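Encoded as structure tokens, the structure appears first; notes follow it.
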Amino acid sequence: MSPGPTVAVLIPVKAFAEAKHRLAPALGAEERAALARDMATHVVQSAVPLPVAVVCDDDGVRDWADSVGAEVVWRPGTGLNGAVRSGVDHLRDAGYHRVIVAHGDLPLAGSLAPLGDWPGITLVPDRRNDGTNVIALPSDCPFEFSYGRGSFARHMAEAQRLGRSLRILRDPAFGLDIDLPADLNELAVRA
């Protein structure tokens, strides 16, 4: 009998009804919620064959995660950075040696599995080299997550502070996240 998988994917997902407010000039509330759900479903599918956990604090997201076969890591009131840290710790305690943290708004994401093959820390920036769309790291790494504007530079500095080997992957498929109306235009061109 072979051991179980040692790599898992963690996807932080915000309430679909509250997601993507910056797209309001281009999409109505129901369209934004449907887009957020569809993109998150795509990211879950991109994780195959790896196990997936969704960290959330919304009942609708919990129901959706159950429907797509993801484990739910319920973390209300922790904010994005706290939820991701707690989710990584949860997966570490469940026996996973590596965790790939992928955001749920990557509509062109390819297979996530190859991102788990580096022994150090892998960072995948957004197409503007500002945000961090994917982070793969050892589950026991005391990495301090710092999402938000400028997170890519902060995450690079954190990997260097920890003295971990660092791999930067600039991948057009993982680099396109959908935050602004211009991102929808880019998706239309590339899809």
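With labels modelled as points extended 7 Å from the Cα through the Cβ direction, what inter-label distance (nm, one decimal) is found for Arg164 paired with Ser86?
Label at Arg164, label at Ser86, 2.1 nm between them.
Measuring from label point to label point, each 7 Å out along Cα→Cβ, what is the Ala34 to Val68 span in nm?
Using points 7 Å along Cα→Cβ, the separation is 1.7 nm.
So, in nm, how far is label Ser111 from label Ala17 when the simple model puts each one 7 Å beyond its Cα toward the Cβ?
Those two pseudo-labels are separated by 3.9 nm.
May I ask you to compute the full-extension gain from Leu27 to Arg190, defined as 0.36 nm times their residue separation minus their alpha-carbon distance, rounded to one decimal in nm?
56.8 nm
Once you charge only the Cβ atoms, +1 for Lys and Arg and -1 for Asp and Glu, what is the size of the charge dipole of the chain about its Cα centre, to the nearest 20 debye? Kindly include the intermediate steps, with their values, before the conclusion.
Details: 19 positive and 24 negative charges, 126 e Å.
Using Cβ point charges on Lys, Arg, Asp and Glu, the chain gives about 600 debye.
Of the GluC sites (Glu not before Pro) in the stretch 9-38, which ones lie in a loop per DSSP and count no more than 16 other C-beta atoms within 10 Å?
Here no GluC sites (Glu not before Pro) fit, given the DSSP loop and packing criteria.
Determine the sum of side-chain charges near Ala159: Lys and Arg each +1, Asp and Glu each -1, restricted to other residues whose C-beta is under 13 angstrom from that of Ala159. The partial results should precede the final answer.
Working: positive: Arg154, Arg161, Arg164, Arg167; negative: Glu144, Glu158.
Combined, the nearby Lys, Arg, Asp and Glu give +2.
Got a sec? Charge dipole of the chain, +1 on Cβ for Lys and Arg, -1 for Asp and Glu; which of Ala19, Phe143, Leu166 is way out at the positive end?
Leu166
Taking a point 7 angstrom from the Cα of Thr6 along the C-beta vector, which residues in the stretch 57-95 have backbone N less than 19 Å away?
Within reach of a label on Thr6: 88-95.
A short reminder: the numbers here are calculations on the coordinates, not readings from a lab. It should be emphasised that the depicted structure is a prediction, and the values quoted were computed from it without experimental measurement. Every residue, glycine as well, gets a Cβ built from its backbone with ideal geometry; the counts of neighbours run over all protein chains shown.
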